[in-house]
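The values are calculated or read from the model by the stated rules, or taken from the named source; none is laboratory data. Keep in mind it's a predicted model, so treat the numbers as computed, not measured. We place every Cβ from the backbone using ideal geometry, glycine too, and count neighbours over all the protein chains shown. The area values use the complete protein model at the heavy-atom level, side chains included, leaving out ligands, DNA and RNA. Shrake-Rupley method; radii C 1.70, N 1.55, O 1.52, S 1.80 Å.
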Amino acid sequence: MRKILSALLAGLLLAGCLALPAAAEAYGAPDITPATKMEDIRQNPSILGAGIFTYSLDQYRPLDRMYWNGQTLEKFSNRFTAWDTAKGLNFLIEQYNAGQQVTYPLYTKEEIRKDWTRRDAELYYFPAEQPNGKYLLIIPGNAMVVSAELREGVSSAWNLHEMGYTCFVLRYRIGAKASNNAPLEDVARAVRYITDHAEQFQVQPEEYAILGYSSGGQIAGLFASDKLGYKTYGLNKPGALLLGYPVNTFLEFKPVFNMIIDPFMVKQNYYDLTLSNYITPDYPPTYHWYGKNDITLKTMCLTAQGPRLENALQKNGIVHHYTVYSDAPHAIGAGKGTDAEGWLQDAVAFWEEQTA
């Protein structure tokens, strides 16, 4: 009898040992580099399990999806952000493999049933190694059907994580799904969600910073305004805005946006608004910059962007920092390899100084 029990025990131990590799294979390896193909990233079990959105324009077009699946992460993002994006994705894989929830939907199932576009709104959580209470909400840019959750969001989150901060990357509704000011609703819901779960995330709900890029900078700026933003939603005022190459006005693109996003509405929506017109003396401290060789902003009249926003901040006596770089193209995030390199560290120091 003892021999039989010993044999059964040995068999169970052997089965358990054999099962370990199979269990390990259920998780993806954090081995992403700028040379990793997008198809491999999208098939990584931990990327899939964590629910990290890795698409953009090719989400909607099968031929584009086929093309981009065969391209590298560096091609999908760009040479300025690829390494930080890879490190950020690897960090999220490690978090997921360790049992940490990475993706947080912003709306309930019932709310999504009422408006299916809300399923696109979610947060990606980058916890600090040693939380100090402060957090940043990152709002990447978008160009109607092209979004920058990886290029600007994940890459910046990795930089901020290395600086010791907790941060959240916001995926918000864009394009035809952004009707009726949905992006502003998503930002407000994100801040509300973090506020309601502040103890869980080990953050303080006050004096948070919003980091916004391009069109995400315009959305962040409007959310920080008295008339349209945090007060409307009953939320705490941001401690600072940190804006990289923000859009101040969409100028001649406004009718195009209206036709695609809100074809049957006549009321003004967020893309109709010029951010500088909503700056008041109570506006949060603001750090903003752009590059002289920013082709994207040039197509929308460069002087109507950063310079006009700067004038409004000065006119209203807002504590702010403004820089114009000679070599800082659009969509470069932290600006590695450009004149803007180091701006994110300076901006965080600005935020810290204003909320000390």
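For the reader, a short list of remarks on this structure follows.
- Filter pass, ARG61 being surrounded by 12 or more Cβ atoms within 10 Å (Cβ to Cβ), of a type outside the set (Ser, Thr, Tyr) and modelled with pLDDT under 95: yes
- Among the residues making up segment 210-226, those that are in a loop (DSSP other than H, G, I, E, B) and out of contact with any strand residue (DSSP E or B) (no Cβ under 7 Å at 6 or more places or on another chain) are SER225, ASP226.
- Of the set (1) open to solvent by 20 Å² or more (accessible area, probe 1.4 Å); (2) under 21 Å from TRP83 (Cα atoms), all apply to ARG192 but (2).
- Options ASN97, ASN78; residue that is closer than 25 Å to ALA334 by Cα, open to solvent by 10 Å² or more (accessible area, probe 1.4 Å) and in contact with a helix residue (DSSP H, G or I) (Cβ under 9 Å, 6 or more places away or on another chain): ASN78
- Scope segment 105-155; condition open to solvent by less than 60 Å² (accessible area, probe 1.4 Å), of a type in the set (D, E, K, R), farther than 16 Å from GLY244 by Cβ and in contact with a strand residue (DSSP E or B) (Cβ under 9 Å, 6 or more places away or on another chain); matching residues: ARG118, ASP120, GLU122, LYS134
- From the options ASP31, ASP40, residue that is open to solvent by 60 Å² or more (accessible area, probe 1.4 Å) and outside any helix (DSSP H, G or I): ASP31
- Candidate set: segment 302-356, residues that are part of a helix (DSSP H, G or I) and basic (Lys, Arg); chosen: the one least open to solvent (accessible area, probe 1.4 Å): ARG308
- Long-range neighbours under 7 Å by Cβ, at least six apart or interchain, first residue on the phi > 0 side of the Ramachandran plot within segment 247-272, second surrounded by 13 or more Cβ atoms within 10 Å (Cβ to Cβ) and in a helix (DSSP H, G or I): LEU251/ALA304
- A Cβ distance below 8 Å, combined with a sequence gap of six or more or placement on separate chains, defines the contacts here; from segment 37-53, residues that are modelled with pLDDT of 95 or more reach residues that are polar (S, T, N, Q) and part of a helix (DSSP H, G or I) in the pairs LYS37/ASN69; MET38/ASN69; GLU39/ASN69; ARG42/ASN69; SER46/ASN97; ALA50/GLN95.
- Options TYR245, TYR278, TYR290: the member that is open to solvent by less than 10 Å² (accessible area, probe 1.4 Å) and more than 17 Å from ARG173 (Cβ to Cβ): TYR245
- Residue in segment 297-317 that is of a type in the set (Gly, Ala, Ser) and either free of Cβ contacts under 8 Å to residues at least 12 places away in the same chain or on the phi > 0 side of the Ramachandran plot (or both) present: yes
- Any hit, segment 94-102, residues being among the small types (Gly, Ala, Ser) and more than 17 Å from ILE47 (Cβ to Cβ): no
- Filtered residue count, segment 175-187, keeping only those that are open to solvent by less than 20 Å² (accessible area, probe 1.4 Å) and either under 29 Å from LYS87 (Cβ atoms) or at pLDDT below 95 (or both): 5
- For segment 136-168, taking the residues that are in contact with a Cys (Cβ under 9 Å, 6 or more places away or on another chain) and either of a type in the set (Gly, Ala, Ser) or free of Cβ contacts under 8 Å to residues at least 60 places away in the same chain (or both), the one that is nearest to GLY212 (Cα to Cα) is identified as SER156.
- Looking across segment 227-242, the residues that are within 20 Å of TYR213 (Cβ to Cβ), part of a loop (DSSP other than H, G, I, E, B) and either open to solvent by less than 10 Å² (accessible area, probe 1.4 Å) or modelled with pLDDT of 95 or more (or both) come down to GLY229, TYR230, PRO238, GLY239.
- LEU222 open to solvent by less than 40 Å² (accessible area, probe 1.4 Å), free of Cβ contacts under 8 Å to residues at least 60 places away in the same chain and touching a Lys or Arg at 6+ places or on another chain (Cβ under 9 Å): no
- Enumeration of residues in segment 259-275 that are open to solvent by 40 Å² or more (accessible area, probe 1.4 Å) and of a type in the set (S, T, N, Q): GLN268
- Matching residues in segment 43-60 - criterion: being assigned to a loop (DSSP other than H, G, I, E, B) and of a type in the set (A, V, I, L, M, F, W, C): ILE52, PHE53
- Selection status of SER215, among the polar types (S, T, N, Q), under 25 Å from PHE76 (Cβ atoms) and out of contact with any Lys or Arg (no Cβ under 7 Å at 6 or more places or on another chain): yes
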